[in-house]
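Notes follow the structure.
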Amino acid sequence: MMDEEATSAQLRQAALDLEEKYRATVELSPAMHWVADAKGRLIDVPERLTTLTGLDRDQLLGDGWQQLIHPDDLAGVIEAREAALRADQGDGIEFRARLKAGAYRWMRTRAQPRYDAEGRVVRWYGAAEDITDRREADTALREMTATFEERIAARTAELEAVMRERKAVQAGRAELEQRFAIFIEEVSDYAIMMLEPDGLIANWNTGAERIKGYTAREVIGKHFRTFYPPEAQAAGLPEWALKTAIERGRFVHEGWRVRKDGSCFWASVVLQPIHDENNQLLGFTKITRDITERREAQRALDEAREQLFQAQKLEAVGQLTGGIAHDFNNLLQAIGGALYLIRRRHLQGRTEEVVQLVDHALSATDRAASLTHRLLAFARRQPLDPRAVDANALIRNALQLIQGTIDAEIELKLDLDPALWTTFCDPHQLEAALINLAVNARDAMRGGGSLTISTRNSAAKADSDDEQIAIAVTDTGIGMEQETVERAFEPFFTTKPIGHGTGLGLSMIHGFAHQSLGRVTLESTPGKGTTATIWLPRHLGPAEPLEPVDRDEDVDRAAERKVVLVVEDEPLVRELVTTMLDEMGHNVVAADDGLQGLKVLRSSRRIDLLLSDIGLPGLTGRKMVEAMRPLRPDLPVILMTGFAHEVEQADKPLGAHVSLLPKPFTMSALTDRVRSVLEDQEG
Ligand SMILES: Nc1ncnc2c1ncn2[C@@H]1O[C@H](COP(=O)(O)OP(=O)(O)OP(=O)(O)O)[C@@H](O)[C@H]1O
Ligand SMILES: [Mg+2]
């Protein structure tokens with residue numbers, strides 16, 4: 001029994017130890033351990049619960065603990081206990097329990113049943129723990145998660161919206177791209193293609209096929225140099241084109257390209273590089289047009305223009321040569337005629353007459369020289385000899401020359417400003433210019449009129465450099481259309497028939513005026529007349545005296561200038577006689593047969609003397625005189641004749657105012673005769 005007692009003591013002690021151990025564990029555990037009976041009523045309350053709640057053990061035993069539970073949670077807790085009792089198993093349940101301070105804490109409790117030998121639940125052992133911190137953390141986490149989710153949802157929605165939008169845009173763009181592709185594909189006037197960065201053809205439109213002859217299948221993947229002629233390929237033109245396009249952003253070019261069939265066309269090419277957002281070269285667009293036709297048209301036009309220009313040039317040269325040839329011919333005729341006569345006189349031993357003939361030839365030489373001068377002046381190759389000039393004096397001095405130039409029917413008037421400033425220019429050129437203007441005026445006044453030479457100081461501001469004098473030559477002639485005024489200064493422009501104008505007069509004056517720092521202007525009204533004005537710069541300082549002009553004594557008598565009608569069919573003689581009379585200071589009207597002569601005589605033109613050959617073709621000299629007599633009863637007539645029978649008939653009555661001059665006659669004989677006849681006439 002001792003053993004039994006010892007054993008039971010040992011057992012008691014062991015139980016006590018266990019209880020001690022249990023309590024220590026419970027005390028140390030954060031959980032509060034409780035014990036309930038089979039119905040779930042508390043039979044043991046954890047020490048800590050009384051401390052935490054401030055309630056007594058008795059107040060908590062049984063269902064007393066229920067007073068701690070948050071009213072909202074109580075039903076759930078009771079329900080959970082019922083469920084646990086039914087299932088013999090207590091799952092964790094969470095609830096709020098009121099602590100001493102009145103604040104609620106979240107608790108979680110679990111329970112495990114204890115069974116008796118028959119397997120019936122006799123006890124529930126449970127543990128409750130404060131899970132407030134965990135719950136708060138959970139809540140925070142949950143809240144955080146919720147916020148996250150919300151955000152994610154919102155963001156997702158946003159993204160979705162963006163994606164939807166982008167998709168729509170992409171769809172639109174795809175549509176546009178597709179349409180554009182179709183459009184490009186259908187363009188047939190332009191070869192449009194894309195090239196890879198290395199120049200390989202990436203795509204090809206209908207236009208390219210039409211222009212170049214290759215189908216897309218044949219050409220895609222080939223290098224675009226295929227279209228260049230071999231020389232251009234050899235010269236590296238295709239590579240250069242790509243390089244230029246990259247460097248300059250664009251390559252524009254015209255040149256020959258080759259079609260599939262080997263034929264060539266003139267292409268206009270625009271090559272442009274395409275880059276992505278990162279400036280990476282994606283390739284090139286290339287637009288080519290076949291402009292062969294346009295180029296041909298342009299070339300034809302250029303050619304036509306060139307031809308026209310050549311034709312105009314030829315016309316000008318033709319006019320020039322025509323005019324100059326005619327003028328030179330006349331002069332050569334005069335010179336040649338004189339030389340011929342000199343030779344004759346020499347052989348005849350009539351040397352005293354030679355001097356006059358030499359003078360005659362010299363005068364023709366002078367004229368030829370002056371013609372050459374005009375050409376030089378036009379070419380502005382003439383050296384000028386500018387001096388301080390009194391233009392009024394110069395005009396007065398040149399008056400006789402001018403008067404000799406114009407017809408007798410033309411009235412010459414002067415309107416010179418006595419206070420005219422001195423100017424600075426080449427006086428000989430100024431004189432030549434005035435004579436040229438007078439000739440133009442004469443040609444414009446075939447039916448008579450008046451020519452006025454006027455001078456004035458130009459109305460320029462005082463103290464300025466542009467003080468000028470103006471010398472104006474005004475006629476009452478036919479005037480000019482605007483187009484003529486515009487072209488009048490052009491060299492070789494003339495409206496006069498060949499032999500009557502070289503078209504150099506005004507261009508020469510223009511050249512002279514500009515060389516003299518002046519200018520020349522034209523004002524003209526068709527049917528009314530023309531004023532040509534030479535503007536020259538003012539010169540401060542006195543004018544140099546004009547060089548004495550070496551005038552022929554016959555010309556000095558120009559005041560007694562007469563109009564002589566010369567009718568002669570032999571050109572050489574006509575020229576000689578004309579020149580002779582001209583030098584005597586007379587105006588000559590020439591006719592080369594009797595009918596022409598009669599026509600002049602029947603006109604209202606002023607004629608002071610008729611000098612005619614007798615042996616004229618058609619109407620003889622005598623017949624012509626008879627025919628005109630009723631119209632001009634007092635006109636003195638000198639009949640020239642070289643035929644013996646005509647001389648024999650000299651005793652036949654010649655009629656009043658008619659004298660005979662037998663050929664050959666000397667020039668001085670002619671001069672003497674003309675002078676005496678005219679003097680008789682006046683006297
Ligand atoms: N006073 C004028 N009245 C009408 N037309 C004029 C006058 N002056 C010049 N013209 C026109 O201008 C053209 C050019 O004149 P310009 O003096 O240069 O040459 P031209 O008189 O024809 O020949 P050139 O003077 O060489 O003998 C003339 O042919 C004429 O048509
Ligand atoms: Mg002229």
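The values are calculated or read from the model by the stated rules, or taken from the named source; none is laboratory data. Remember, predicted model here, so these are calculated numbers, not experimental data. Methodologically, a virtual Cβ is constructed for each residue, glycine included, from the backbone with ideal geometry; neighbour enumeration extends over all protein chains shown. Remember, those area values only see protein heavy atoms, side chains included, never the ligands or the DNA or RNA. Shrake-Rupley method; radii C 1.70, N 1.55, O 1.52, S 1.80 Å.
Cα centroids of region 222-242 and region 585-647: 86 Å apart. Put simply, region 383-464 fits an ellipsoid with semi-axes of 25, 16, 11 Å; these come from the alpha carbon gyration tensor as the roots of five times its eigenvalues, largest first. For Ile638, the residues whose modelled amide H falls within less than 5 Å of its own, excluding neighbours fewer than 5 places apart on the same chain, are Leu610, Leu611, Ser612, Ser659. What the phi angles of region 249-266 give under the Karplus curve with 6.51, -1.76 and 1.60, with θ = phi - 60°, is a coupling list of x, 5, 10, 10, 7, 10, x, 6, 10, 10, 7, 4, 7, x, 6, 10, 9, 8 Hz, glycine and proline written as x. The residues of the chain have, on average, 57 Å² of accessible surface per residue, using a 1.4 Å probe with all protein chains present. Working note: Karplus 6.51/-1.76/1.60 with θ = phi - 60° gives region 472-486 the couplings 10, 10, 10, 10, 10, x, 6, x, 10, 6, 4, 4, 5, 4, 5 Hz, where Gly and Pro are set to x. Helix 237-248 and the longest principal axis of the C-alpha atoms of the chain enclose an angle of approximately 70°.
Leaving ligands, DNA and RNA out of it, report the carbon-plus-sulfur percent of the accessible area of region 383-550 at a 1.4 Å probe.
Heavy-atom surface of region 383-550 belonging to carbon and sulfur, 1.4 Å probe: 51 percent.
Among the listed pairs Lys413/Lys528; Lys562/Lys623; Lys222/Lys260; Lys599/Lys623, a Cα-Cα separation exceeding 19 Å is found for Lys562/Lys623.
Summary: within the chain, the longest segment free of GluC sites (Glu not before Pro) located in DSSP loops with at most 15 other C-beta atoms within 10 Å is 278-480. Net charge in the neighbourhood of Thr484 (other residues with Cβ under 15 Å of its Cβ; Lys, Arg +1, Asp, Glu -1) is -4.
Hydrodynamic radius of region 187-290 by the Kirkwood approach over all distinct alpha-carbon pairs: 13.6 Å. Charge tally around Arg442: other residues with Cβ under 10 Å, Lys/Arg +1 each, Asp/Glu -1 each, net -3.
Tilt of helix 571-583 relative to the longest C-alpha principal axis of the chain, in degrees (0 to 90, nearest 10)? Tilt relative to the chain: about 90 degrees. Entry note, the chain: relative contact order of 7 percent, from Cα contacts under 8 Å with a spacing of 6+ residues. In this structure the amide hydrogen of Leu619, modeled in the peptide plane, comes within under 5 Å of the amide hydrogens of Gly594, Leu595, none closer than 5 places in sequence on its chain. Over the chain, all Cα pairs binned in 20 Å intervals from 0 give whole-percent P(r) values of 12, 21, 12, 12, 12, 6, 6, 8, 7, 3, 0, 0, listed from short to long. Each residue of region 606-620 is assigned a 3J(HN,Hα), and the resulting list reads 6, 9, 9, 8, 10, 10, 9, 6, 8, x, 9, x, x, 8, 6 Hz, derived from the Karplus form 6.51 cos²θ - 1.76 cosθ + 1.60 (θ = phi - 60°), x at Gly and Pro. Where does helix 292-348 land angle-wise versus the long Cα axis of the chain, in degrees 0 to 90, nearest 10? That works out to roughly 20 degrees. In the chain, a dipole from Cβ-located charges (positive for Lys and Arg, negative for Asp and Glu) runs towards its positive end, and of Leu540, His360, Ala441 it is His360 whose Cα lies farthest in that direction. If you take the Cα centroid of region 332-348 and the Cα centroid of region 402-417, the two points sit 35 Å apart. For His539, the residues whose amide H sits under 5 Å from its own are Thr422, Thr423, Phe424, ignoring neighbours fewer than 5 places away on the same chain, with H placed 1.01 Å from N. Placing +1 on each Lys and Arg Cβ and -1 on each Asp and Glu Cβ, with no other charges, gives the chain a dipole about its Cα centre of roughly 1180 debye.
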